[in-house]
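Worksheet: the structure to be examined is printed underneath.
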Amino acid sequence: MSDLSVLYDVPGPRARRRNGLYTVLFLVVLGLVSWWVLDTMADKNQLAGEKWLPFVEDSRIWTTFLLPGLLNTLKAAALAIVIALPFGALLGIGRLSDHRWISVPVGAVVEFFRAIPVLLLMLFANEAYAQLTNVESEIRPLYAVVTGLVLYNASVIAEVVRAGILSLPHGQTDAAKAIGMRKGQTMSYVLLPQAVTAMLPALVSQLVVIVKDTALGGALLGFAELLSRVRSITANYGANTIAAFTVVALLFILLNFLLTSFASWLEGRARRSRKGSGAVVTEDIGSDVAVVSAPGDGPAGGPGGGPGDGGVGKTH
């Protein structure tokens, strides 16, 4: 019996025909919707060559608008990533502390900032910089965007780190204690190195979110990131909004593809060079909750699993 057949019922002849029919119907509906969209765009003169040619023939549209906007997007995302990753790791480790005077306040901070929309954090940060600091108005939007991204994403990364560490078997901690390691040494030399491979998929997902959320600063704070350049392009090259949005969307897709490709390469290299637990931390986008899945997870006493295997508890 195939391993996959254990996970679900193999479809029979009628089910395969029904699935094939559903596939054909979906492709037909998708084709009709695509045709309707393109036909509507053609009627509105949105497919005319003069609306798309500037992106190919006029280099100034790139050097004046798109590339500077892309550079600002990369700058804000890079700053947020560099700050949020270690900050989130510290918060995640803090939540695992045996000392309640550490774990309780850290947990409150994490839950507080996870519950607030990132755009609201950016608006608060922008107002705080305006009222309480001497930050110049020209760079204030950048500061506000980075601050909002760091506060929100560090709290999410903290949960990813916590779930990645908890995905490890408790025997790892017990073995470290048996050879006389202190708590800090156990976390630094035993748990974190093994949990990295389990955390990478969810971390990559959060890094992509950081890149995309930089656009929120352009929408309401006047931050000159990539998406905000659409208004300048349409103001200087006519009513080519659809074309401008399409090009910007393709740039975001390319940027995130490069990021995920690099992360996939890094993950593969980490898995080859270090034997991990086999657990993988994924992320429920709707609830921002990190979920741990491990090989052999099952009911207590089941194959490959038992009470406490890859379980959730405090790290000692």
- Task: Pop out the ³J(HN,Hα) list for the range 130-139 in order, Karplus 6.51 cos²θ - 1.76 cosθ + 1.60 with θ = phi - 60°, rounded to Hz; leave Gly and Pro as x.
- Result: 5, 8, 10, 10, 9, 5, 5, 5, 5, 9
- Over 26 Å [Cα-Cα, the range 54-293], rounded percent: 47
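Could you give me D for the range 54-104, from Stokes-Einstein at 10 °C and 1.306 mPa s, where the hydrodynamic radius is the Kirkwood radius over C-alpha pairs? Units µm² s⁻¹, please.
Working: Rh = 14.0 Å.
Roughly 113 µm²/s, to the nearest whole number.
Arranged by the count of other C-beta atoms within 10 angstrom, fewest first, what order do Met122, Met181 take?
Values: Met122 28, Met181 16.
Least to most surrounded, the residues fall as Met181, Met122.
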- Item | P(r) of the range 68-180 over all Cα-Cα pairs, binned every 10 Å from zero, in whole percent | 14, 34, 30, 14, 7, 2
- Message: Whole-Hz ³J(HN,Hα) for each residue in the range 238-251, computed from phi via Karplus 6.51 cos²θ - 1.76 cosθ + 1.60 with θ = phi - 60°, x for glycine and proline: what do you get?
- Response: x, 7, 10, 4, 4, 5, 5, 4, 5, 5, 4, 4, 5, 5
- the range 1-146: projected area of the alpha-carbon convex hull, averaged over directions, in nm²: 18.9
- Query: Give or take rounding to whole Å, what are the principal axis extents of the alpha carbon atoms in the range 13-89, in descending order?
  - Reply: 54, 48, 17
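Taking the Cβ of each residue in Glu136, Glu159 as the centre, tally the other Cβ atoms inside 10 Å and list the residues starting with the fewest. Before the final figure, lay out each step's value.
Working: Glu136 9, Glu159 23.
Final ranking by Cβ density, sparse to dense: Glu136, Glu159.
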- Likely footprinting exposure, Ile165, Ile61, fewest C-beta neighbours within 10 Å first: Ile61, Ile165
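How large is the translational diffusion coefficient of the range 135-211 in µm² per second when you combine the Kirkwood radius over alpha carbon pairs with Stokes-Einstein at 10 °C and 1.306 mPa s?
On the way: Rh = 14.5 Å.
Here the translational diffusion coefficient equals 109 µm²/s.
Throughout, read-outs are computed from the coordinates displayed, never taken from laboratory work. On a predicted model such as this, the values are computed, not experimentally measured, just so you know. Glycine also receives a Cβ, built like all others from the backbone with ideal geometry; neighbour counts cover every protein chain displayed.
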